[in-house]
Structures are given as C-alpha cells and as structure tokens.
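First comes the structure, then the notes that go with it.
The values are calculated or read from the model by the stated rules, or taken from the named source; none is laboratory data. No experiment lies behind these values; they were computed from the predicted model shown. Note that each Cβ is placed from the backbone with ideal geometry, even for glycine, and that neighbours are counted across all protein chains shown. Calculation scope for accessible area: heavy atoms of the full protein, side chains included, ligands and nucleic acids excluded. Shrake-Rupley method; radii C 1.70, N 1.55, O 1.52, S 1.80 Å.
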Amino acid sequence: MSHSPRHHTHHKRHTSLNRLRARVVATLTTLTTLAALAFTAAATPSATATVQESSPASTGTSTPGDLLTSAPTSFHPLPDQPTNTNAWHITYRSTTAKGAPNVVSGTVIVPKDGRTGPRPLVTYAVGTVGLADQCAPSAGFPHGTTVEANLINAAVQRGWAVVVTDYEGLGTPGDHTYTVGRAEGHAVLDAARAALHHPEAGLSADSPVGVMGYSQGGQASSWAAELHDSYAPELNVKGTATGGVPADLLEVADFNDGNIGAGLILMAATGQNAAFPELELDKYLNAKGRAFVDFMKKNCVAVDTVAGLFQRVSEVTVRNPLDQPDWQQRLNESNVGTRAPDHPVYLYHGGLDELIPYSVGKRLRADWCGRGANVQWRSHPLLGHIGGVTVGAFPAMDWLDERFAGKPTQGNCQ
C-alpha cells in the first residue's frame, strides 16, 4: 500500500472488474463452504488419530527439522474419498523469522504402493487458508476439507511422498505469521527434514526432494528455494515449482487496496505483526479494523476474504501502517528475488491474475535470471489466480518429475 511512483506504474486496474468480482465471489463461496466443513471437522478428532502423541522435545536441545511428535491420521482429498496411503500428523522443530526456535505442525503422506526402493519427497506449501488453527491443512485432511488436497493427491498418485507444513502458528500455539517469507521458508524446509527423519515413512537422508507451492505457498516455496543452500544444504533438492508468487508485498498490497483481495491486506498485516510485534499494528487500527482482525483470527480465508471485499485500508485504520518506514522495512524483508536458488526453478503465473499482478511474477523471473538462477518460466495468459493453482499445477509436477528422473534443464532465461 505504499503509494510511491514505482508501485503505481504496475497497478492498472482490470477494466472488467465486475466480471472478475463475480468470478472471485463464486470461487470464494465454494471455499467458504469447505472452510465451514473444516471448522466443524476440526472440532472432532479423526478416528484414526488415536495414538497418543509423545511429549515434544525441548526446542532448546533440538535442531531444525527434528521430528518431535507423530500420530497416525488419514488423508482424504474429498469427504470420505479413500486413498491408499499412510499418513501421520507431526510436529517438528523449526525457526522463526528472527532466528528463535519454534514448533510447527504438518502432515506426512506416503502411498501404500508396495514400493521398497527410494522415492521422491515433495514438501508442499499450500496457498492462503486463514489465520485460525482450524484452517490448518492437517485439520482438514482426515475429513476431506483441505482445499488443495486434490492437487496433493495428484502428487501422491505419482508415487511421491508428500509432507505439508501447516506453517508457524497454524495448529500450534501462537498467531500465524502469514506472509512472513523467512518463517515460511524455514517451515517448508524443516518439514522435509522431519519427513526424512520419520521412522515409518520409508525415506532416507538422500531421498530426492522437490519443493512446490502457489500463492502464499508460492512465497513459501520460493523462500525455501532461496534459503536451501544456507539453511538446509543437506537436503537433496532437485527442483522447486512455484507459482502465483507475491514477490513484492508492498506492490501486491497497493494493487489490492480497494480491490477484490482487500481482505488479504489486513490478514498480511496481522501476520507480519505476529512475527514482529514491535510493529504495533493495533495502534494503527480503528474500531472497525480491530473487529476485522479479531474476526480473521477466528475464521478461514474464504470467509475473511468475502468479508473484506472492496474495503480500503483507510476504512480500517487511523493511519496507514504500510506508509511507515518500519513496516516497509519488514515487508521488504519478505520480498522474493534477492537471492538466486541453488537448484532449478519452475516459475509460473496467470496473465489475468486478479490478486497478484502478472508484472510481479515477470519481475521475479527477471530478478532470478539476472542473478544467474536456472529458471523455467511458464506464462498462463488466460488464467486468473484460482485457475493458476489448478491448471498450472500439473505441468509443474511434470517438470518436477523430470528433475527426479535426473533430466537436465537449462531453463529459458535467454
């Protein structure tokens, strides 16, 4: 929501706003139904998750990626849809954006296909689900209410093991640090470490690893790609497939102020404040803004987004926090494109993305290519944001499959 000329040059509104509004509201209505199902389901423990979890090890004596607890659970892409898989709800040690130890939860899913040799592991980062614990992917998997579970199942059907992080503060104590890139990247990489350590998953330390995510998951997977060589270099990462990446949070916020994704701006501010409480979000909010934050902390994204449609930041604040230097500094710290991933990357974006400007994805490609990264760029000219995650996922998985097979890629930076 910075109003500098640099940001305004990228922010032409779509002329067909009414058409986009109708399309997004219809999509979000569907997601709202799933979110409500997830809320109900989360209140009832899964019948398969009956094994008592062990007490978490002290984060002071553990190292990032240590598996702390594990309990059997189940994985269903849709309600009651069977999958021939083993699944475990886990907690594991990770690291906050400030470098402190924390505990994150997630789910490990392994196909029961009789395979005895090594298999690839994909550490999968989901898109925005919300701020409340019942929104966590792990809460919905036993009941078939996790929105991206069908895409995750497509990965499992390829014979891959998949680990899905719940991110910091979803399903574990504390608030969700939504859009805080470093914390998300840590959670994605440490989920892979924890899955490799799981004694029943049948994986080994040198198992080939892929990273995948879209939207918030695109931010998280991109951060994981950039952090791999410094934070988790022992992971045998073969490639990262990342799409719809909000690589510049200030630009994305400015684009959505008064637009269809306006509710996400306040969610992002809440997530940043969770990681950096010294930002003191509350002092910038009016009564309406504080009520919105309280509502968002109790609900999932579809409800939050619908409730916040076409609101402007000025309506929920007494002063815009994102005009302040300390807020701008923290938001810029979450930008993607400042470091080159040390492995090949498949980057994709929808040309009609109504939430994250296509120009942001193109600039990320240029930033990574300019730093010497091996980038395969894929534009989907006719896809919006929701279409990007569904249609874009399958060629992304095909690309990962080739990396697991050891096929070389030179990318298309030139």
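A compact table of results
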{"quantity": "Meets criteria (under 14 Å from residue 242 (Cβ atoms) and either without any contact (Cβ under 8 Å) to a residue 40 or more places away in the chain or under 17 Å from the mean Cα position of the chain (by Cα) (or both)) for residue 361", "calculated": "yes"}
{"quantity": "Residue list for the stretch 267-281, restricted to those being assigned to a helix (DSSP H, G or I) and surrounded by fewer than 15 Cβ atoms within 10 Å (Cβ to Cβ)", "calculated": "277, 278"}
{"quantity": "Scope the stretch 305-358; condition in a helix (DSSP H, G or I), of a type in the set (S, T, N, Q) and touching a residue at least 12 places away in the same chain (Cβ under 8 Å); matching residues", "calculated": "305, 328, 332"}
{"quantity": "Selected residue [over 27 Å from residue 399 (Cβ atoms), modelled with pLDDT under 50 and open to solvent by 40 Å² or more (accessible area, probe 1.4 Å)] from 56, 82", "calculated": "56"}
{"quantity": "Any hit, the stretch 283-295, residues being among the acidic types (Asp, Glu), open to solvent by 10 Å² or more (accessible area, probe 1.4 Å), closer than 30 Å to residue 155 by Cβ and out of contact with any strand residue (DSSP E or B) (no Cβ under 9 Å at 6 or more places or on another chain)", "calculated": "no"}
{"quantity": "Residue selected from the stretch 133-181 under the condition charged (D, E, K, R) and in contact with a strand residue (DSSP E or B) (Cβ under 7 Å, 6 or more places away or on another chain), by the criterion surrounded by the fewest Cβ atoms within 10 Å (Cβ to Cβ)", "calculated": "166"}
{"quantity": "Number of positions in the stretch 332-346 that are farther than 16 Å from residue 185 by Cβ and in contact with a helix residue (DSSP H, G or I) (Cβ under 6 Å, 6 or more places away or on another chain)", "calculated": "1"}
{"quantity": "Residue within the stretch 282-304 that is in a loop (DSSP other than H, G, I, E, B), out of contact with any helix residue (DSSP H, G or I) (no Cβ under 7 Å at 6 or more places or on another chain) and among the polar types (S, T, N, Q) present", "calculated": "yes"}
{"quantity": "Checklist (1) farther than 18 Å from residue 181 by Cα; (2) crowded, with 24+ Cβ neighbours inside 10 Å applied to residue 240, failing item", "calculated": "(1)"}
{"quantity": "Members of the stretch 331-349 that are buried (at least 23 other Cβ atoms within 10 Å of the Cβ), of a type outside the set (Phe, Trp, Tyr) and under 17 Å from the mean Cα position of the chain (by Cα)", "calculated": "331, 334, 336, 345, 347, 349"}
{"quantity": "Subset of the stretch 197-234 (residues that are in a loop (DSSP other than H, G, I, E, B), touching a strand residue (DSSP E or B) at 6+ places or on another chain (Cβ under 9 Å), surrounded by fewer than 24 Cβ atoms within 10 Å (Cβ to Cβ) and of a type in the set (Ser, Thr, Tyr))", "calculated": "207"}
